[in-house]
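The values are calculated or read from the model by the stated rules, or taken from the named source; none is laboratory data. Please read all numbers here as calculations on a predicted model, not as lab measurements. A quick note on method: Cβ atoms are made from the backbone with ideal geometry, for glycine too, and the neighbour counts reach across all protein chains shown. Side chains are part of the model used for accessible areas, which takes the heavy atoms of the whole protein and leaves out ligands, DNA and RNA. Shrake-Rupley method; radii C 1.70, N 1.55, O 1.52, S 1.80 Å.
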Amino acid sequence: MSRSACCRRRRRHPPATPICCNPNAPWALVYIGLLVLAWAGFRRSRTGVDLYAIGNDEASARALGVNVLRTKIIAYMLDGALAAAAGLFLAASATAGDATTGNSYTLTSIVAVVLGGVSLFGGRGSAAGAIAGPSSPR
């Protein structure tokens with residue numbers, strides 16, 4: 001291939017790049033749509049109901065036939081994946097990889113979820129309340 005043909009060929013971006021890098025897109029609506037899908041998935045799936053049952057009372061959930069060990073493993077796997085995604089988003093927004101970057105968000109996030117009605121002792125609360133807590137004015 002000649003040099004002029006190589007220089008004329010433009011580099012194409014992957015199809016998702018223009019979508020993800022568009023600041024004018026309605027990202028809040030996309031976020032709300034993803035939250036509704038996640039809520040419906042957890043509310044209607046067996047794993048979601050099992051997670052809620054274990055959070056309420058592990059012994060009662062076991063008596064009802066919930067595979068507690070499997071559900072706990074799924075919960076920890078999901079927690080790890082979501083924490084990794086949150087860390088990637090935080091590192092991307094902070095443009096740094098400092099280990100102490102998120103320390104200021106710890107107490108704020110706990111207070112926001114408690115304001116949404118989630119009990120620290122487990123078994124109480126809803127997805128709508130957990131989302132409404134951080135959305136409330138300060």
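Assorted remarks:
Okay, residues lined up against (1) modelled with pLDDT of 80 or more; (2) not in a helix (DSSP H, G or I):
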| site | (1), (2) |
| --- | --- |
| Leu35 | yes, no |
| Thr71 | yes, no |
| Ala75 | yes, no |
| Arg124 | no, yes |
| Gly129 | no, no |
| Arg138 | no, yes |
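- Some residue of the stretch 81-88 being out of contact with any strand residue (DSSP E or B) (no Cβ under 8 Å at 6 or more places or on another chain) and touching a residue at least 24 places away in the same chain (Cβ under 8 Å): no
- Total residues in the stretch 39-70, condition under 15 Å from the mean Cα position of the chain (by Cα), without any contact (Cβ under 8 Å) to a residue 24 or more places away in the chain and surrounded by 12 or more Cβ atoms within 10 Å (Cβ to Cβ): 2
- Filter result for Trp27 (open to solvent by 80 Å² or more (accessible area, probe 1.4 Å), touching a residue at least 24 places away in the same chain (Cβ under 8 Å) and not hydroxyl-bearing (Ser, Thr, Tyr)): no
- Test for Thr100: is it without any contact (Cβ under 8 Å) to a residue 60 or more places away in the chain, of a type in the set (Val, Ile, Thr) and closer than 18 Å to Ala38 by Cβ: no
- Selected residue [part of a helix (DSSP H, G or I), out of contact with any Pro (no Cβ under 7 Å at 6 or more places or on another chain) and without any contact (Cβ under 8 Å) to a residue 40 or more places away in the chain] from Ser93, Ser119: Ser93
- Gly80 satisfies every condition listed in (1) open to solvent by 60 Å² or more (accessible area, probe 1.4 Å); (2) part of a helix (DSSP H, G or I) except (1).
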